[in-house]
Amino acid sequence: MPIEFAEVPRPDDLPHTTSRRPFGTLDTLADWLVACQGQSPPTPPRRPRIVVFAADHGIAAKGVSARSPETTRRLVEELLEGGTPLGVLAGETGSGVRVVDVAVDSEDSGEFKIRRGSGSIDVEDALTDDETEQAVRVGMRLADAEVDAGADLLIPAELGVGVTTASSTLVAALTDTEPVAVVGRGSGIDDNAWMRKAAAIRDALRRARPVITEPLALLRTVGGADLAAIAGFLAQAAVRRTPVLLDGLAVCAAALLAEELAPGARSWWMATHRTTEPAHALALEHLDLSPLVDFGIAEGAGTGAAALVPLLSMAATLRRTPV
C-alpha cells in the first residue's frame with residue numbers, strides 16, 4: 001500500500017500582541033510558537049521529547065568515519081544510561097529521550113528494527129523497497145505515539161557511524177551539488193578519510209541521479225533506515241500540528257525528503273543551529289530555513305536542538321510579559 005500523508009495544515013498566522021520586537025531571536029521563537037499553537041501569547045513547551053533513530057551504515061566499512069562501525073551499539077548503550085552529550089543536555093533541560101534501534105548492526109531485536117545496518121551506498125542500495133516503506137512508517141508511528149502521549153515539542157536526532165556520508169549524498173542529489181562541495185569532516189576525519197568519503201559520495205551520487213525525483217526510491221538507493229524513519233517522523237509531526245526543532249545534517253537531509261512527501265511540512269519546523277558540515281548549510285538553504293545560532297558544532301546528534309529548548313521556554317514566557 002503506497003504511503004500517503006494527510007494534508008499538512010498551515011500554522012496559524014496570528015497578530016502579534018506587541019507593537020515592537022525588542023528581543024531578536026527570542027521574538028522569532030515566540031512568533032513561531034504563536035503560529036504553531038494558534039494562540040497568543042504562546043505556552044512554553046511542557047513535554048519536549050527527543051527521539052533518537054539509531055542505525056549503522058554499510059559505507060562506514062569504507063573508512064569514511066573516524067569511528068569504527070561497531071561504535072554505534074556502544075553509543076546507544078551510553079545514551080540509554082544517560083551518557084553522551086545529548087543525554088546530558090536532555091537531563092539538564094527536562095527533555096524526555098526515546099532511543100529507537102531501526103538498523104543497528106547487532107543481534108538485538110525490537111519492535112521498530114528494520115534490519116542490521118544499511119547497504120554500502122557506493123555499490124548497493126541502502127534498503128529494499130519494502131524496508132524503505134517500513135522505515136518511513138516507523139517514523140510516522142513514532143510521531144503519532146509521542147503526540148498521543150502528550151508531546152508538544154519534538155526533536156528528532158540520529159545516532160550511527162556513516163550517517164553523514166549518506167546524508168551528504170542525499171543533499172548533493174537534491175541540490176544538484178558536486179560531491180567535493182558537500183564533504184565535511186564529520187566525526188573528525190583526517191585528509192585520507194576525507195578523500196575516501198568524497199569518493200564514496202561521488203559513487204553513491206551516480207547511483208542516485210536516476211531516482212532524484214522519487215523520494216522513496218532516493219531513500220532506498222542512498223539513504224538508510226534512520227534517514228527514512230526521520231523523514232516519516234518529520235512529515236507526520238507536521239500532519240499532527242506539532243512543532244519540531246531541526247538539528248544537524250542528518251535530520252535536515254531527511255527533512256528535504258519529508259517536505260517532498262508532505263508539502264508544507266517545513267512550516268512546522270524551526271532550524272535551530274548551523275553545524276560545520278557544508279551539506280547542512282545547503283540543506284537549510286534548500287528548505288528556505290534560517291538557523292537561529294551557530295554553535296560551531298561539527299555533528300548534530302540532537303545536541304544543538306536540545307540546547308535551545310530552554311531558550312524556547314524563555315521566549316514564550318517573555319511574550320507573556322508586558323514590554
Q.
Filter the stretch 87-116 down to the residues that are modelled with pLDDT of 95 or more and either in contact with a helix residue (DSSP H, G or I) (Cβ under 7 Å, 6 or more places away or on another chain) or closer than 13 Å to LEU227 by Cα (or both) and list them by number.
A. VAL99, VAL100, ASP101, VAL102, ALA103, VAL104, PHE112, ILE114, ARG115
Q.
For the stretch 90-99, which positions are in contact with a Gly (Cβ under 8 Å, 6 or more places away or on another chain) and surrounded by 14 or more Cβ atoms within 10 Å (Cβ to Cβ)?
A. ALA90, VAL97
**Q.** Residue satisfying all of: in the stretch 40-68; open to solvent by 20 Å² or more (accessible area, probe 1.4 Å) and outside any loop (DSSP other than H, G, I, E, B); nearest to ALA126 (Cα to Cα) among these
**A.** GLY58
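So that you can scan it fast, the table gives a plain yes or no per residue for (1) of a type outside the set (S, T, N, Q); (2) open to solvent by less than 40 Å² (accessible area, probe 1.4 Å):
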site: ASP105; (1), (2): yes, no
site: ARG115; (1), (2): yes, no
site: GLU131; (1), (2): yes, yes
site: GLN134; (1), (2): no, no
site: ASP148; (1), (2): yes, no
site: VAL161; (1), (2): yes, yes
**Q.** Count - residues of the stretch 288-323 that are β-branched (Val, Ile, Thr) and closer than 20 Å to PRO85 by Cβ
**A.** 4
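May I ask you to list the residues in the stretch 221-272 that are small (Gly, Ala, Ser), under 20 Å from ALA126 (Cα atoms) and touching a residue at least 60 places away in the same chain (Cβ under 8 Å)?
Initially, the stretch 221-272 is screened for residues small (Gly, Ala, Ser), giving 223-225, 228-229, 231-232, 235, 237-238, 248, 250, 253-255, 258, 262, 264-265, 267, 271.
Filter once more, so that each one left must be under 20 Å from ALA126 (Cα atoms): 223-225, 228-229, 231-232, 250, 253-255, 258.
Residues satisfying the conditions are GLY223, GLY224, ALA225, ALA228, ALA229, ALA231, GLY232, ALA250, ALA253, ALA254.
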Q: Hey, could you check the stretch 240-279 for residues that are open to solvent by 10 Å² or more (accessible area, probe 1.4 Å) and of a type in the set (D, E, K, R) and say which is nearest to LEU159 (Cα to Cα)?
A: ARG274
Q | Count - residues of the stretch 34-59 that are among the small types (Gly, Ala, Ser) and either at pLDDT below 95 or at positive phi (or both) | A | 3
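Looking at the stretch 287-308, is at least one residue among the charged types (D, E, K, R) and assigned to a helix (DSSP H, G or I)?
Pass one, the stretch 287-308, residues among the charged types (D, E, K, R): 288, 294, 299.
Applying the additional criterion that residues be assigned to a helix (DSSP H, G or I) yields none.
Among the residues of the stretch 287-308, not one is among the charged types (D, E, K, R) and assigned to a helix (DSSP H, G or I), which makes the answer no.
The values are calculated or read from the model by the stated rules, or taken from the named source; none is laboratory data. Everything numeric here is computed off the predicted structure, so don't read it as measured data. Methodologically, a virtual Cβ is constructed for each residue, glycine included, from the backbone with ideal geometry; neighbour enumeration extends over all protein chains shown. Protein only, heavy atoms only, side chains kept; ligands, DNA and RNA dropped before computing areas. Shrake-Rupley method; radii C 1.70, N 1.55, O 1.52, S 1.80 Å.
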